[in-house]
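Novice: The following block contains the structure, expressed as structure tokens.
The values are calculated or read from the model by the stated rules, or taken from the named source; none is laboratory data. The structure presented is a predicted model; accordingly, all values stated were derived computationally and were not measured. Here the Cβ positions follow ideal geometry from the backbone for every residue, glycine too, while neighbour counts run over all protein chains shown. Side chains included, ligands, DNA and RNA excluded: accessible areas come from the protein's heavy atoms. Shrake-Rupley method; radii C 1.70, N 1.55, O 1.52, S 1.80 Å.
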Amino acid sequence: MTSAVGQLRLRIGDTVRIRDERWRVAAESSFGAASIIEVDGCDATNHGTRARFLLPFETVDSAAAPPAPPRFVTIDRWRRAARSLLAGAVPRWTSLRTAARANFTVLPFQLEPAIAVASGDACRVLIADEVGLGKTIQAGLIIAETLARTPDARVLIVAPAGLREQWRDELQSRFQLHAEALDAQRLARIAAELVADVNPWSIHPLAITSIDFIKRPEVMRSLETLTWDVLVFDEAHALAGHSDRAGAAGALACRARVVVMLTATPHSGDEEAFSRLSAVGDLADAFPLMTFRRSRADIGFSENRRSSVLKVRPTSDEAAMHRELGQYLQRLSEESSIRGAGTTLLSAILLRRRSAHHKRLMFLATVALATTPLARVIRMVTSAMTPPIGGMLLTNLFLAALIAFDIRKSGRLHPATVGGGLFFVASELFRVAFGHTFIWKSFVHTVVG
């Protein structure tokens, strides 16, 4: 790439003198008679500094040293130089430049979205692969390729707040890209260091933020004047509804050259919701959405995923915390004055984590419901036992199996097994004592008719 500045022709790698300092040309973009050059400092005063200058409004002089005389090198050194030159070359302008330098094992299907964007075949992409197939890596390839081709490009990643650090780590470790996580506090610190008219969102080429932050009206106003070369939405299925999140995403996407959406669950069964998701960033139905949906079976991966359960013994402090939390939930359920939808939801969420209690009680409830059907089966086969005694004897075997499981696993009975088992046995005794009474038979006759 060359640029003519007066009688001086600039090439990437040339050394120039601007404002009495030496710089090395890193990139150049021409706009008619004007051009912008991106340079790296070469002097002691500007070493490690990257700057941009607008030509021809800056005076640029050549600072190149006179050509060095030919010198002899070893064959190994020549090979290294040739290999380095070939590694940076690509056969066509649509070929990917960053995939070979990325720090991961590239699978062929992961290149498809980046190739589609680089070749101009798509500017709106939905990557809806199954979990574990590298949707973040595929979006990272698009980002890295865009920044490599357009050094002054701007990229914004919109993800749930809990995934921002994960995105930063992935981009740094996989593609050597530094991303800035922007929130209210970080933007305030940046704005304090800038002049009043500079938008803090515009100074970082690669930024990560959360969808719940940008949906704020004051944040959206600061983003209205910016255009993004790549806009990535992680967990994009959250944008399919009628919400502030969807509105903010639609407004941002209309000002982006490339929109990339990532989700493993693009379609929830609601056609209207999927249509709204598919329309994010589409201006006047002129930019069709290119969807990539691959399963593990499609790419030849085994569908059987191995998982292991790690048993963790809580510390004394953790056990005390759980006991206090249980007492708090008990008070919530007893205090009628504070009982409501919020407290009910909180109790349900916290009690769901006590999976051992939940599984045992659900098992005993299922066995209790099976008593009557089992008794009827026994009555059909033989009349030796009168229902529901036969069914109760069989279901008691399941209770005995649960007791044996607890003793073998932990050497003691689980509290849910004790409480649920006692209630289970008491209900059986009640049914035996009450099931043949005149009152019960009259009630059944009234209900059944």
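Novice: In this structure, does residue 295 turn out to be in a loop (DSSP other than H, G, I, E, B) and either modelled with pLDDT of 80 or more or touching a helix residue (DSSP H, G or I) at 6+ places or on another chain (Cβ under 7 Å) (or both)?
Specialist: Taking the combined requirement at face value, the residue satisfies it.
Novice: Somewhere in region 375-392, is a residue in a helix (DSSP H, G or I), modelled with pLDDT of 75 or more and open to solvent by 70 Å² or more (accessible area, probe 1.4 Å)?
Specialist: No, because not a single residue in region 375-392 is in a helix (DSSP H, G or I), modelled with pLDDT of 75 or more and open to solvent by 70 Å² or more (accessible area, probe 1.4 Å).
Novice: From the list 170, 193, 180, exactly one residue is within 19 Å of the chain's Cα centre (by Cα) and surrounded by fewer than 18 Cβ atoms within 10 Å (Cβ to Cβ). Which is it? Outline the logic, then answer.
Specialist: Values: 170 fails: surrounded by fewer than 18 Cβ atoms within 10 Å (Cβ to Cβ); 193 fails: within 19 Å of the chain's Cα centre (by Cα).
Checking each option against the conditions leaves just 180.
Novice: Which residue, of 245, 276, is modelled with pLDDT of 85 or more and closer than 15 Å to residue 124 by Cα?
Specialist: Within the list 245, 276, the selection yields 276.
Novice: Would you check if residue 209 is open to solvent by 10 Å² or more (accessible area, probe 1.4 Å), β-branched (Val, Ile, Thr) and touching a residue at least 24 places away in the same chain (Cβ under 8 Å)?
Specialist: Against the criterion (open to solvent by 10 Å² or more (accessible area, probe 1.4 Å), β-branched (Val, Ile, Thr) and touching a residue at least 24 places away in the same chain (Cβ under 8 Å)), residue 209 does not qualify.
Novice: Let me ask you something else. Within the group 98, 74, 15, which residue is of a type in the set (Ser, Thr, Tyr), modelled with pLDDT of 85 or more and open to solvent by less than 80 Å² (accessible area, probe 1.4 Å)?
Specialist: Details: 98 fails: modelled with pLDDT of 85 or more; 74 fails: open to solvent by less than 80 Å² (accessible area, probe 1.4 Å).
Just a single option satisfies the conditions, and that option is 15.
Novice: Ok, one more. Residue 198: crowded, with 18+ Cβ neighbours inside 10 Å and aliphatic (A, V, I, L, M), yes or no?
Specialist: Spelling it out, it is not the case that residue 198 is crowded, with 18+ Cβ neighbours inside 10 Å and aliphatic (A, V, I, L, M).
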